[in-house]
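Below is one structure, written out as C-alpha cells; the observations come after it.
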Amino acid sequence: MNLVPQSLLGLLFSEIESALSDAGVLKHHAKALWRAIHRDHAIDLTEIDFLPPLKKWVEAYVGIRKSYFIDAPEQDDEIHSSDGLTRKYLLRLNDGQVIETVLMGYDGRFTACLSSQAGCAMGCVFCATGQMGFVRHLTVGEIVAQIRHVRRMLAQIHPHRRLRNIVLMGMGEPLHNYDSVMKAMDIVSDARGSSISPLKIAISTVGLVPNILRMADENRPYRLAVSLHGSTEEERSALVPTSKKWNLESLIGACRSYCQTTGKRIFFEWTLIAGKNDSPETAERLAALLEGIDSHVNIIPLNPTNGFAGAASESGAEFQKIIRKSGIPCTFRQRRGIDVAAGCGMLKAGRVGLTKRPSVSN
Ligand code: SAH
Ligand code: SF4
C-alpha cells in the first residue's frame, strides 16, 4: 500500500490493473476506470456509478484513504488571442507553480502545446522561459493533466472536434525530464483513453545528445524536433548556451545516428534572428550540415520577449529558398497567439500575457 498519495494520471493502464488486483479487484475493471479518467475526464471519481467492486475500491482508496488522487490544476486564467484560434491556459499546480498550456486550432486541426517543466535550465538567450531559469520538472500526472484540461476546454468550444496533435514546445526542455515526458506520452497515446496517435506527437529538444540517442535506442514512436538555430559552433553557442556542453558536431552526429537507427525524419527548428543566423551563407552551411539526414527545416519568426534585444529577420524568404534548393523541405511556422504571449518562447508564467483581456474570439 502506498503511503505517499499517487496520481492516477501518472499510471499506465497496466499499473492501474495492478493497483486494482493488489486490492483484490478483478483487472478487467481497469477499463472503466481508465475510460472515466482519460475519455470522460472525470475530476471526482467518487461521484461515478462504477460497478460495485470498482465503486468500493474508489471509495476506499481515492475517497477515504486518499492513496490515489487526480491532478486537477486550477485554471488561473484563460487568454484568447485575437487570431481567434489560440487560447492560452494558465494552470496552477498543487505547489502554486503556474504553467502554461496552449490550444491551437487551424485548418480544423487542434493541437495542444504542453509544458514539461516549470521554467527551463537551458538559458537560450531569446526565450522567455529560458530567462526565467529552472524551477522544477513536472510530474507525469501534471503533464497528462494538461491534455485533460485542453480536451475539456475543446469539448466546450467545439463539441465534435478531437484533439489530434501534441507538441512538447511549451515551457521547459522535454528531454531534460525524459522519463516523465515519455511516460506521459505513453499514457495519452493509449488507444483505450486519449488515443492520440504517437505519430502526431512531436517532442522538441534543444539538443540533449544522450537523450536523443536514448529515444532512438528505445525506439520511441514519437516525432523528434531539434532546435538548431546555428550553423557553426560560434553562431549556435551565442544563442544556445547548452551548445557548449553538447556541441554542434556531436548534435549533428546524434541526429544522423537517430535517422539511421529509426528511419525517421527529424524536424529542425530555426528561430530566425536578424544579423545572427539569417544570412545566405548560414543557409548554405545549414543545408550542407544536414546533408544525408532525412530532415525538414521549420523556420520560426522571432517572437518578441522582454529580455532579448534581437530583431526578427526580413530574410526568411531567401533563407527558405536556399534550403529548398538543396532538396530539403522548408516551411515557416505560423505566428500564433503573439498578442497573448503564447507564441514560441514567450511562455513565462507570472510575467507576460497575464493581463486578462476581453475575449475576442468565437
Ligand atoms: N525546449 C524545447 C521546447 C520548448 S521551446 C526546445 O528548445 O526545443 C519551443 C521552440 O520555441 C524552440 O524551437 C525554441 O527555439 C523556440 N523559441 C524559443 N523562444 C523563441 C522566440 N522568442 N521566438 C521564436 N521562437 C522561440
Ligand atoms: Fe529552454 Fe527551449 Fe527556451 Fe531553450 S528555447 S530556454 S531549451 S524552453
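Where a number appears in this text, it was derived from the coordinates with a stated rule and is not lab data. These figures come from a predicted structure and were not determined experimentally. Methodologically, a virtual Cβ is constructed for each residue, glycine included, from the backbone with ideal geometry; neighbour enumeration extends over all protein chains shown.
What area, in nm² and to one decimal, does the C-alpha convex hull of the chain cast on average over all directions?
Numbers: hull surface 73.2 nm².
It is 18.3 nm².
Placing dummy labels 7 Å off each Cα toward the beta-carbon, the span from Lys245 to Arg109 is 3.2 nm.
Kindly identify segment 152-262 as rounded, prolate or oblate by the Cα gyration tensor criterion: order the square roots of the eigenvalues as a ≥ b ≥ c, call it rounded if a/c is under 1.5, otherwise compare a/b with b/c, prolate if a/b is larger, else oblate.
Values: a/c = 2.74, a/b = 1.84, b/c = 1.49.
Prolate is the answer for segment 152-262, as a/c is 1.5 or above and a/b outweighs b/c.
Summing Lys, Arg as +1 and Asp, Glu as -1, what charge do residues with Cβ under 14 Å from the Cβ of Phe267 carry, Phe267 excluded? Spell out each step's value before the answer.
Values: positive: Lys200, Arg223, Lys264, Arg265, Arg333; negative: Glu269, Asp294.
In short, +3.
With the highest mean first, a sort of the peptides 126-134, 142-150, 218-226, 191-199 on other beta-carbon atoms found within 10 angstrom per residue produces 142-150, 126-134, 218-226, 191-199. For the peptides 244-250, 211-217, residues were scored by their other Cβ atoms within 10 Å and the scores averaged per peptide; the highest-first order is 211-217, 244-250. With helices as the sole contributors, the chain gives -9000 deg cm²/dmol at 222 nm; each DSSP H run of n ≥ 4 counts as -39500 (n - 2.57), and the sum is divided by every residue. For segment 83-213, the convex hull drawn through the C-alpha positions has a volume of 119 cubic angstrom per residue. With a ≥ b ≥ c the root eigenvalues of the C-alpha gyration tensor of segment 162-207, is it rounded (a/c under 1.5), prolate (a/b larger than b/c) or oblate? Prolate shape, in that a/c is at least 1.5 and a/b is the bigger ratio. For Lys27, give me every one of the lysines with a C-alpha distance below 17 angstrom, ignoring sequence neighbours fewer than eight places off in its own chain. The qualifying lysines are Lys55, Lys56. Which of the residue pairs Lys276/Lys321; Lys88/Lys244; Lys245/Lys276; Lys183/Lys264 have a Cα-Cα distance greater than 29 Å in the structure shown? With Cα atoms farther than 29 Å apart: Lys88/Lys244.
Given Cα pairs under 8 Å that are at least 6 residues apart, what percent is the relative contact order of the chain? List each step's numbers first, then the result.
Values: 713 pairs, mean separation 62.0, N = 362.
Relative contact order for the chain comes out at 17 percent.
Coupling constants for segment 209-214 follow from the phi torsions by the Karplus curve (6.51 cos²θ - 1.76 cosθ + 1.60, θ = phi - 60°), and in residue order they are 3, x, 7, 5, 5, 5 Hz; glycine and proline get x. Please say if segment 1-46 is rounded, prolate or oblate, where rounded means a/c under 1.5 for a ≥ b ≥ c the square roots of the C-alpha gyration tensor eigenvalues, and otherwise the choice is prolate for a/b larger than b/c and oblate otherwise? Note, shape of segment 1-46 comes out oblate.
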